1. Quick one: which residue in 101, 123 is out of contact with any helix residue (DSSP H, G or I) (no Cβ under 8 Å at 6 or more places or on another chain) and modelled with pLDDT under 90?
2. Look at residue 79 and say whether it is open to solvent by less than 90 Å² (accessible area, probe 1.4 Å), within 24 Å of residue 193 (Cα to Cα) and outside any helix (DSSP H, G or I).
3. Somewhere in segment 99-106, is a residue exposed (fewer than 14 other Cβ atoms within 10 Å of the Cβ) and assigned to a loop (DSSP other than H, G, I, E, B)?
4. Residues of segment 62-111 being within 20 Å of residue 217 (Cα to Cα) and of a type in the set (Ser, Thr, Tyr), which ones?
5. In this structure, does residue 155 turn out to be aliphatic (A, V, I, L, M), farther than 18 Å from residue 238 by Cβ and surrounded by 11 or more Cβ atoms within 10 Å (Cβ to Cβ)?
6. Tell me, please, whether a residue that is under 17 Å from the mean Cα position of the chain (by Cα) and of a type in the set (Val, Ile, Thr) can be found in segment 123-142.
7. Report whether or not residue 92 is surrounded by fewer than 23 Cβ atoms within 10 Å (Cβ to Cβ) and either in contact (Cβ under 8 Å) with a residue 12 or more places away in the chain or closer than 23 Å to residue 148 by Cβ (or both).
8. Tell me which of these residue 245 doesn't satisfy, since it passes every other one: (1) open to solvent by 20 Å² or more (accessible area, probe 1.4 Å); (2) over 24 Å from the mean Cα position of the chain (by Cα).
Amino acid sequence: MNENKLDEIAEILFKEAETKAEREIIKARKEQILLSYQGEDRIISAKERFEWLKTQPKLQMWKSGFKRLDFITEGFGEEQLVIITGLTKSGKTSLAVDIVKNMENEKPLFFALEQSADELLRKEMKFGREAFNLYIPQSIGAKKVNLDWIEERILESVLKFGTKVVLIDHLHFVLDITSDDRRFDLTITNTVAKLKKIAQTYKVLIFLICHLKKTKVEEEPTIYDLRDSSSIAQLADKVLIVWREATKNGGKMEYTGNTVLRVAVDRQSGTNEAIVLGWDKGKYFETGESLQEVVDHFNGTFTR
C-alpha cells in the first residue's frame, strides 16, 4: 500500500474519531441543559399537574336543549370537538342548528359551507320565527376556505362577540386537497386534529358535521361508516349519529317518522345510548321514548 493511501486512511480515521468526540460533547451538553430545563413542555409528575388542576376554573358545560341527550352525555363542554354525522338527507344539519340554537347565549358562530346561511334564515322566516343569536361570515364567495381562514374567523368572533360555540358544515369543505394527494386519510386526520387543537386553544366547543359512506338506509349507521377516515371518531370527544328510522317492506322503503339519535362515542360519559326524536315545523323534539321502547313497539321487527 503506498504512502498516499495510508495518509488517506489515517485522515478518515481521524475524522471519525473527531466526530465521535464531538458527539460525546454534544450529548453531555444536552444532558446538562435538560437537567435544568424549565420549558412549558418539561416533564412533571402527574401529582403536580393534579394539584395545579385543582386551582383552575372548571371547564364550562352547556346543554343541547334535549333533556335526554343532555342527561346521557352530561352536556357539551368547551375545548370539545363533537362530530354530527348521518346519511344524506337524514337531518344532521337541522339537528346541529337546533342544538346551537339552544346555546345562543354562547354567541354561536356558524360556517354554512354546504347550504348558505341565507337558506337557514329563510327557513326561520318560513316558520314565522325570528333569527336567533347566531354569527356568520358576511360573505364567503370565492374565498378559499381552509383551516387558517376558519381559525382566523373563530378568533375574530371570540374577540368581537365572545363566541364559545362553533358549528362547521361540513368537514370536506375545509379540507385542503391537492390533485396529487395520495393519502387522503392522513389529510382528514390532520384536519380533524387541527380543529381539535383550535377548540382547545380558543376554549370553544366545535360541532363538525361529517358525511357517511353508508348507503343502506334501512340499517342504522355506526362510526365505522364515517366517510374516508376512521380517525374522525378517534379524535372526537363525542360522535352523534342521526338516522331516519326506516324498514323495507316488500322491497319498498318505508319511514316511520322517527329519527334515531345515537351517542356513538362519548369520552366523557362512555355512553352508547340512543334517543328518538320527532319533527315538527322545521324543528326536532324529543318523543320521550328510548330506542328500546321503539323496538318493543315494533315487536322486534326493527333491529340494530
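The values are calculated or read from the model by the stated rules, or taken from the named source; none is laboratory data. This structure is a prediction, so every number in the text was calculated from the model and none was measured. In this analysis, Cβ positions are derived from the backbone assuming ideal geometry, glycine residues included, and neighbour counts consider all displayed protein chains. Side chains included, ligands, DNA and RNA excluded: accessible areas come from the protein's heavy atoms. Shrake-Rupley method; radii C 1.70, N 1.55, O 1.52, S 1.80 Å.
1. On the way: 101 fails: modelled with pLDDT under 90.
The unique qualifying residue is 123.
2. Values: open to solvent by less than 90 Å² (accessible area, probe 1.4 Å): yes; within 24 Å of residue 193 (Cα to Cα): yes; outside any helix (DSSP H, G or I): yes.
Considered against the rule, which asks whether it is open to solvent by less than 90 Å² (accessible area, probe 1.4 Å), within 24 Å of residue 193 (Cα to Cα) and outside any helix (DSSP H, G or I), residue 79 comes out as yes.
3. no
4. Answer for segment 62-111, where residues must be within 20 Å of residue 217 (Cα to Cα) and of a type in the set (Ser, Thr, Tyr): 85, 88, 90, 93, 94.
5. Working: aliphatic (A, V, I, L, M): yes; farther than 18 Å from residue 238 by Cβ: yes; surrounded by 11 or more Cβ atoms within 10 Å (Cβ to Cβ): yes.
So residue 155 passes the test.
6. Applying the first criterion (under 17 Å from the mean Cα position of the chain (by Cα)) to segment 123-142 yields none.
Within segment 123-142 (the criterion being under 17 Å from the mean Cα position of the chain (by Cα) and of a type in the set (Val, Ile, Thr)), the answer is no, since none of the residues qualifies.
7. Working: surrounded by fewer than 23 Cβ atoms within 10 Å (Cβ to Cβ): no; either in contact (Cβ under 8 Å) with a residue 12 or more places away in the chain or closer than 23 Å to residue 148 by Cβ (or both): yes.
Answer is no for this residue.
8. Exception for residue 245: condition (1).
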